[in-house]
Amino acid sequence: MNFQFYLEKLNESEEFKAFVKEMKTAYLCSGYFSIDKEEGGKDNKQSIDFYVPATKRFFSFSLNDEMKKSEIESFGKDFVPEEISVKTDFDFEEIDKLIVEKMEEEKISNKVQKIIYSLQQKDKKPFLLGTIFISGLGLIKIVIDLKSKKFTLFEKKSLFDMFKIMKK
């Protein structure tokens, strides 16, 4: 599955067509993808978010069982997200392979249970922020530059590490 598939699904929706007609200055600003690796995808979720500069409002389109638009809370009156090109594309299976290869390289043998991605843009570069939940109460934090398909962050954490931080 690739990102363009979700954009096409969104563009076919009557609710999105009405939104674009009404909010002419809206642009793509982020995406959220939750991929369940244990339950055969039963708990997968996707949403694509848009920012409307004219009104300084954010809207999210859930692409789950039924298309649903909702307004999301602003991140502060001065926050303006960067526009992500609607031509941005990446394949989730390709990203999965990059993660598996990096896990092998780092000698991480835990099983991937769930992956949460956030598509963002910073300094005119699209990237994926990710949290990968792995067996053994662990997680891996990643950032992937989508242009180069390279990791800019790959960090394994344990749930117990977070408890230590909270105690301090």
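The values are calculated or read from the model by the stated rules, or taken from the named source; none is laboratory data. Keep in mind it's a predicted model, so treat the numbers as computed, not measured. Cβ coordinates were reconstructed from backbone atoms using ideal geometry, including for glycine residues, and neighbour counts include every protein chain displayed.
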Review point. Residue check: is E104 out of contact with any helix residue (DSSP H, G or I) (no Cβ under 9 Å at 6 or more places or on another chain) and within 26 Å of S148 (Cα to Cα)?
Key: yes
Practice item. Pull up the range 66-97, narrow it to residues that are surrounded by fewer than 16 Cβ atoms within 10 Å (Cβ to Cβ) and among the hydrophobic types (A, V, I, L, M, F, W, C), then point me to the one that is nearest to F151 (Cα to Cα). Key: V86
Review point. Given the conditions (1) touching a residue at least 24 places away in the same chain (Cβ under 8 Å); (2) not in a loop (DSSP other than H, G, I, E, B), and given that V100 satisfies all but one, which numbered condition is not satisfied?
Key: (1)
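Sort through D91, D78 and tell me the only one that's over 17 Å from L129 (Cβ atoms), at pLDDT below 95 and charged (D, E, K, R).
Being over 17 Å from L129 (Cβ atoms), at pLDDT below 95 and charged (D, E, K, R) holds for just one of D91, D78, which is D78.
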Exercise for review: May I ask you to list pairs of residues, at least six apart or on different chains, whose Cβ atoms are under 6 Å apart, with the first in the range 11-37 being under 30 Å from K111 (Cα atoms) and the second being among the hydroxyl-bearing types (S, T, Y)?
Suggested key: Y32/S47; Y32/S118; F33/Y117
Study note, to complete from the structure: Given the conditions (1) among the aromatic types (F, W, Y); (2) part of a loop (DSSP other than H, G, I, E, B); (3) under 17 Å from the mean Cα position of the chain (by Cα), every one holds for Y117 apart from (2)
**Study point:** Matching residues, the range 109-124, being modelled with pLDDT of 95 or more and farther than 21 Å from K157 by Cα
**Key:** L119, Q120, Q121
Exercise for review: For the range 61-78, state whether one or more residues are among the hydroxyl-bearing types (S, T, Y), assigned to a loop (DSSP other than H, G, I, E, B) and touching a Lys or Arg at 6+ places or on another chain (Cβ under 8 Å).
Suggested key: yes
Practice item. Go through the range 1-32 residue by residue and tally those that are among the hydrophobic types (A, V, I, L, M, F, W, C) and surrounded by fewer than 16 Cβ atoms within 10 Å (Cβ to Cβ). Key: 4
Practice item. Would you check if D49 is touching a residue at least 12 places away in the same chain (Cβ under 8 Å), within 26 Å of D96 (Cα to Cα), under 17 Å from the mean Cα position of the chain (by Cα) and in a loop (DSSP other than H, G, I, E, B)? Key: no
Review point. Is at least one residue of the range 77-95 of a type in the set (G, A, S), touching a residue at least 40 places away in the same chain (Cβ under 8 Å) and within 25 Å of T25 (Cα to Cα)?
Key: yes
Check your understanding: Since F163 meets every condition but one in (1) modelled with pLDDT under 95; (2) touching a strand residue (DSSP E or B) at 6+ places or on another chain (Cβ under 9 Å), which condition does it not meet?
Key -> (2)
